[in-house]
Every structure is written in C-alpha cells, then in structure tokens.
Amino acid sequence: MKIKVGLIGFGRMGQMYLETMKKNNRWDVTYICDTDPASRELARTLSPTSKIISDEQEIFNDDSVQVVGLFTLADSRRDQIEKAIQSKKHIISEKPVADTIDKEWEVVDLVEKSDIFSTVNLYLRNSWYHQIMKQFIEEGEIGELAILRICHMTPGLAPGEGHEYEGPAYHDCGMHYIDIARWYANSEYKTWHAQGMRMWNYKDPWWVQCHGTFQNGIVFDVTQGFVYGQLSQNQTHNAYTDIIGTKGIVRMTHDFQTAVVELHGVNRTLRLEKPFGGKNLDKLCDIMANSIESGKRDPRLPQMRDSAIASQYGWTFLEDAHRNDLSAIGDLQTLEEIRERRKHMKEGYGLLRPKRTVV
C-alpha cells in the first residue's frame with residue numbers, strides 16, 4: 001500500500017516534493033492544495049491523478065490521508081501543524097515551522113506531546129558529503145573536533161524577493177548552517193559575536209558573520225550572505241565547510257553541481273567528488289516512509305526542535321549584528337538594478353550559468 005499524502009502549498013518547494021514523490025513508488029500524492037488558481041492549474045497538469053483543491057481542511061478531514069506536506073509560508077504552519085496532530089496525520093514541513101519564535105516553540109510542544117511522526121527539511125543533514133565527513137570525524141581520524149568554519153555566499157535572493165515571514169537571509173538561509181554546525185558539534189551554543197553589513201543601504205543586514213563557542217568548547221564561524229557579486233558579468237559563489245581537529249581536518253566545497261570532499265586523517269587521506277545532490281528530498285522522503293511503515297521514528301529525521309533552535313539562534317545572531325556597529329554601503333538604486341536583473345535570470349539557486357571565456 002502506498003502512503004497517501006496531501007501537499008499544502010504548490011510553489012517552488014511543493015513542486016519539488018511532488019517531483020520527488022512521483023519518482024518513488026512508496027508515495028501516493030492524493031491531494032494538492034493551493035489558494036492560487038494558477039498554481040492549481042499547474043498542479044492539474046503535473047499531477048493529473050491528484051485531487052486539486054483550494055481548501056486545506058479537505059485534506060485534514062480525509063481519514064485516508066496519512067501524511068501532510070506543509071510548503072506554504074511560515075505564517076500558516078503553526079495552525080496547520082495543530083490540525084495535522086488533531087487529525088492524526090504525520091508531518092513533513094519546510095522550515096521555519098512558524099513565523100515567530102514563540103509559535104515555533106508552541107509547535108515543538110504540540111508535536112512532542114503527540115504520537116505522530118514529524119520532520120522538517122533541514123536538508124544538509126541528509127547530504128552525502130556531511131554524512132561522510134561526520135563519520136570520518138567520529139572514527140577519530142582528525143582527533144578531537146575543535147573548529148567549525150562554514151561559509152555560504154551566493155548572489156541568491158535579493159531583499160524583498162520571497163522571504164516574507166522567513167526573515168532576512170541569515171535567518172531564512174543561514175539557519176541551515178547554524179543547524180549543521182550544531183549537528184557537528186553535538187552541543188548547544190554558548191557565546192557569540194555577530195557582525196553584519198547592510199548592503200545597498202537596505203534596512204536589514206544581507207551579510208552576517210557570527211563566531212563564538214559551543215558549551216563543549218568547540219569554536220564556530222558561520223558566514224552567510226546573498227551579496228556575492230550580484231551584478232557581476234558571470235556570477236559565482238563561495239561555499240565551503242572547513243572542520244579542524246587536533247590531529248587532522250575535513251573540508252568540503254561545492255558549485256551546486258558537484259561537491260568535493262577532502263579528508264585528511266591520521267590513517268587515511270581521501271578525496272571524493274560526486275554530484276551535489278540539491279535539497280536531498282529523496283532521502284528525507286525515504287526516511288519518513290521507512291518510519292511510517294515500520295512504526296518506529298528513524299533518528300536521522302530532523303526534529304521540529306532542531307528547527308526551532310536553529311531559527312532562534314538565527315534571529316539571535318541577527319539581533320547581535322544590529323548591536324555591533326551595523327554599517328551600510330551602497331544605495332537602493334543598485335538594489336533596484338539587482339532586482340531587475342534577477343527577473344530575467346534562469347532558475348538554479350539564483351545563479352546565472354557562467355559563460356565560457358577564453359583567456
């Protein structure tokens with residue numbers, strides 16, 4: 001028997017989940033819900049066997065639906081999660097799980113008191129590169145983990161493009177890196193100092209670097225910004241994870257197409273190069289299906305609590321940046337030029353494909 005799922009929200013992520021589930025024989029996308037007529041029309045084209053609706057309550061009222069996928073904006077998720085629990089449906093949610101910290105912790109309380117399985121798309125945990133790097137560390141190859149350096153700078157979404165309730169870039173995107181640093185450290189954040197930049201004189205910092213310590217003494221540095229050459233002729237980015245131990249190191253870089261992992265341990269030196277893997281939704285959906293079919297929650301599933309913690313520190317670090325001489329460079333006219341250019345860009349993590357140049 002396939003697992004019946006209702007997808008709520010059919011924007012970019014809802015479409016990605018549909019594509020993933022259609023490739024997996026374990027899922028039956030029974031419903032697709034969206035309030036936008038154009039999105040519903042697209043859903044009818046892409047999934048003619050699904051029931052396309054505008055009222056999400058129809059999904060919650062259908063006892064045959066086992067799972068709901070929540071892919072609307074964050075301001076809807078708290079109430080949707082409560083409805084899912086009341087109707088005894090398992091939950092796959094995008095992050096953050098609500099639009100305010102208080103509501104996120106209400107969600108955590110709700111799901112942890114229930115017997116449904118719930119997970120949130122903290123996709124880096126399921127990536128092949130982080131899984132391999134963490135295993136190498138746990139085998140003792142780099143000695144004691146001491147320093148975590150994570151950087152993710154791309155052109156990406158400009159201010160005013162699609163963030164809404166998800167907040168500025170360091171919260172919306174940066175919480176993934178705040179989460180993965182905590183995942184590696186296996187500890188909670190203790191101290192921090194954040195420095196931000198209000199690029200183009202926008203009201204919020206669109207680049208933030210935060211460094212500090214975890215309770216177990218591990219030092220972190222998490223840098224994120226969608227400010228990396230927005231108007232350069234050929235766009236590029238800078239994305240890496242650099243982990244330093246007392247004896248060795250592991251590191252990773254990627255270009256959104258290929259990820260390269262280098263492992264420099266006391267007994268082994270390895271270089272691995274494989275396709276990047278994108279959002280890893282296939283792995284998340286597979287692990288969720290395993291949990292539902294076995295009746296036992298797989299510990300690899302990220303928890304709502306993990307999302308709430310990452311979100312809380314995302315906001316906390318942003319607030320700290322506002323207190324630390326938050327400068328502004330550039331002007332709003334440049335920002336308008338960026339927005340206009342991005343209207344004509346190809347999809348693909350906000351990057352224009354670089355043209356080949358001959359030097």
Inset, instruction - Might you let me know whether region 89-103 holds any residue that is more than 22 Å from the chain's Cα centre (by Cα), part of a helix (DSSP H, G or I) and crowded, with 16+ Cβ neighbours inside 10 Å? - result: no
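Yes/no matrix, rows are residues, columns are (1) in a helix (DSSP H, G or I); (2) at pLDDT 95 or above:
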{"position": "Gly162", "(1), (2)": "no, no"}
{"position": "Tyr177", "(1), (2)": "yes, yes"}
{"position": "Ala181", "(1), (2)": "yes, yes"}
{"position": "Gly196", "(1), (2)": "no, yes"}
{"position": "Pro205", "(1), (2)": "no, yes"}
{"position": "Gln209", "(1), (2)": "no, yes"}
Inset, instruction - Any chance you could count how many residues in region 182-216 are touching a residue at least 40 places away in the same chain (Cβ under 8 Å), aromatic (Phe, Trp, Tyr) and closer than 18 Å to Ala146 by Cα? - result: 4
Inset, instruction - Confirm whether Ala84 is more than 15 Å from the chain's Cα centre (by Cα), modelled with pLDDT under 95, surrounded by 18 or more Cβ atoms within 10 Å (Cβ to Cβ) and of a type in the set (A, V, I, L, M). - result: no
Inset, instruction - Residues being open to solvent by 40 Å² or more (accessible area, probe 1.4 Å) and farther than 12 Å from Gly156 by Cα: count how many of those fall in region 214-231. - result: 4
Inset, instruction - Filter region 288-323 down to the residues that are charged (D, E, K, R) and closer than 22 Å to Thr20 by Cα, then identify the one that is most open to solvent (accessible area, probe 1.4 Å). - result: Arg300
Inset, instruction - Run Glu58 past the list (1) farther than 22 Å from Leu122 by Cβ; (2) open to solvent by 70 Å² or more (accessible area, probe 1.4 Å); (3) in a helix (DSSP H, G or I); (4) not aliphatic (A, V, I, L, M) and report the number of the one that doesn't hold. - result: (2)
Inset, instruction - Could you tell me whether Asp242 is open to solvent by less than 40 Å² (accessible area, probe 1.4 Å), in a loop (DSSP other than H, G, I, E, B), among the charged types (D, E, K, R) and in contact (Cβ under 8 Å) with a residue 60 or more places away in the chain? - result: no
Inset, instruction - Collect the residues in region 206-253 that are polar (S, T, N, Q) and under 16 Å from Met133 (Cα atoms), keeping them in residue-number order. - result: Thr241, Thr246, Thr253
Legend entry - Matching entry among Gly156, Gly174, Gly229, Gly167 (being of a type outside the set (A, V, I, L, M), under 27 Å from Arg12 (Cα atoms), touching a Phe, Trp or Tyr at 6+ places or on another chain (Cβ under 6 Å) and in contact (Cβ under 8 Å) with a residue 60 or more places away in the chain): Gly156
Inset, instruction - Among what's in region 12-53 and is open to solvent by less than 70 Å² (accessible area, probe 1.4 Å), assigned to a loop (DSSP other than H, G, I, E, B) and modelled with pLDDT of 95 or more, pick the residue that is nearest to Leu70 (Cα to Cα). - result: Asp34
Inset, instruction - Evaluate the following for Ile101: is it touching a strand residue (DSSP E or B) at 6+ places or on another chain (Cβ under 8 Å), hydrophobic (A, V, I, L, M, F, W, C) and at pLDDT 95 or above? - result: no
Inset, instruction - For residues that are assigned to a strand (DSSP E or B) and over 16 Å from Ser127 (Cα atoms), scanning just region 264-274, find the one that is most open to solvent (accessible area, probe 1.4 Å). - result: Arg271
Legend entry - Test: residue in region 171-186 that is farther than 16 Å from Thr223 by Cβ, touching a strand residue (DSSP E or B) at 6+ places or on another chain (Cβ under 6 Å) and open to solvent by less than 30 Å² (accessible area, probe 1.4 Å): yes
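The values are calculated or read from the model by the stated rules, or taken from the named source; none is laboratory data. Quick caveat: nothing in here was measured; it's all calculated off a predicted structure. When we count neighbours, we look across all protein chains shown, and the Cβ atoms used for this are built from the backbone with ideal geometry, even at glycine. The area values use the complete protein model at the heavy-atom level, side chains included, leaving out ligands, DNA and RNA. Shrake-Rupley method; radii C 1.70, N 1.55, O 1.52, S 1.80 Å.
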